[in-house]
Amino acid sequence: MIVPNPICDVVGCGPWKRPLIKNPEYKGKWIRPMIPNPNYKGEWSPSRISNPYFHVVDHPSQELAPISGIGIEIWSTSGNLYFDNFVLNAGDELKVKSFGDETWKPKFDYFETKESDERKQHRLEEREKKRVEGGLNNMIEVYLGDGMDFMNENPLVGAITALLLIGGFIYVIRSPSSSSSKKSPSRSEMKEKMDRLEEIRKKQLEREEEEEEEEEEEDIQEQEMGGDEEEEEEEEEEEEEEEELEPIPTSTKQTSDSSQEKKQEGGEDGKSSKTNDQKTKKRRKKERG
């Protein structure tokens, strides 16, 4: 925001300019003075002299001398440019065409065949190099090049082959087995397919449940069989321990006393071992459960 300055209303504000005062002798913009020239003859023009050979030709083509040669100067960046057999004849076009066919056409055909032979020879040399090198890609290019050259040399065979390929392609596209020609299934067919899929899925689920139940039953049977076998093994171990702890009979009194003491000790040891065995059995059952 610009704050107004009251002094600007009196003095004036802005860029400074030098003050100007009036010059009573000022006569306007200066122009060089002009004085009269008594020798001035007007604007200069070149002098003209008479030409005794000057004349006007109404029909220049009738007065030209016979032409024996033509020179052409062309600036071009393209090569293999040939000019030959220029014909100057404004009358009969058939004569010009026949003259061109007799003179220009043979040369043109010669150069065309020569260039085509050179290109063919170059392609053959390239294919021979690839044939020597070997490899899948090189051999594919070699066989394709041989086939193209054969078709170019025998256009009838090439045309028949092309027609057969095109006909086979069209037959494959238009055949009813192609995906493009298949009709879209109706709603009833889609529903039947969905129902069949649902039935198959249910059967698979039932089979899986039956297999799981059979596996559970087998596990239970194995656990029961394993428990019975363990109980039998424990009983056999208890019997072996009891047989080991039975006292040996003696004839003396001392031996009987000692045997009684041993029996008492063995009974106590047997009771403690039985209780320990029972505890281990309970612990094993809990772990299996």
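The values are calculated or read from the model by the stated rules, or taken from the named source; none is laboratory data. What you see is a predicted model; the values in this text were computed from it and never measured. Heads up, the Cβs are rebuilt from the backbone with ideal geometry, glycines too, and the neighbour counts pull from every protein chain shown. Just the protein is used for accessible areas: all its heavy atoms, side chains included, with ligands, DNA and RNA removed. Shrake-Rupley method; radii C 1.70, N 1.55, O 1.52, S 1.80 Å.
A Stokes-Einstein calculation at 4 °C with viscosity 1.567 mPa s, built on the Kirkwood radius of the stretch 110-160 over Cα pairs, returns a diffusion coefficient of 109 µm²/s.
Over the stretch 95-136, with every protein chain in place, what whole percent of the accessible area is carbon and sulfur at 1.4 Å, could you tell me? Write down the numbers at each step before the final one.
Numbers: 2080 of 3550 Å².
After summing per-atom areas, the C and S share lands at 58 percent.
Give me the net charge of Lys202's neighbourhood, meaning all other residues with Cβ under 12 Å from the Cβ of Lys202; Lys, Arg count +1, Asp, Glu -1.
On the way: positive: Arg196, Arg201, Lys203, Arg207; negative: Asp195, Glu198, Glu199, Glu206, Glu208, Glu209.
Neighbour charge sum, excluding Lys202 itself: -2.
Taking all protein chains together and a 1.4 Å probe, the residues Cys13, Cys8 rank Cys13, Cys8 from largest to smallest accessible area. Computed with every protein chain present, the accessible area of Met225 is close to 120 Å² [probe 1.4 Å].
Look at where the Cα atoms of the stretch 32-106 and of the stretch 113-128 average out, and the two centres are 46 Å apart. Our Cα-only numbers for the stretch 13-105 put the radius of gyration and Dmax at 36.1, 97 Å.
What is the sum of charges around Tyr110, taking Lys and Arg as +1, Asp and Glu as -1, for the other residues whose C-beta is under 13 Å from the C-beta of Tyr110?
Details: positive: Lys105, Lys107, Lys114; negative: Asp84, Asp109, Glu112, Glu115, Asp117, Glu118.
Charge balance near Tyr110 sits at -3.
For Trp104, the accessible area of its heavy atoms, probed at 1.4 Å with every protein chain present, is near 120 square angstrom.
Computed with a 1.4 Å probe over protein heavy atoms only, the accessible surface of the stretch 1-139 comes to 108 Å² per residue.
Overall, the anisotropy analysis places the stretch 52-133 in the prolate class: the square-rooted eigenvalues a ≥ b ≥ c of its C-alpha gyration tensor yield a/c not less than 1.5, with a/b exceeding b/c. Applying the criteria of a DSSP loop state and at most 12 other Cβ atoms within 10 Å to the GluC sites (Glu not before Pro) of the stretch 20-101 yields Glu25, Glu43, Glu63, Glu73.
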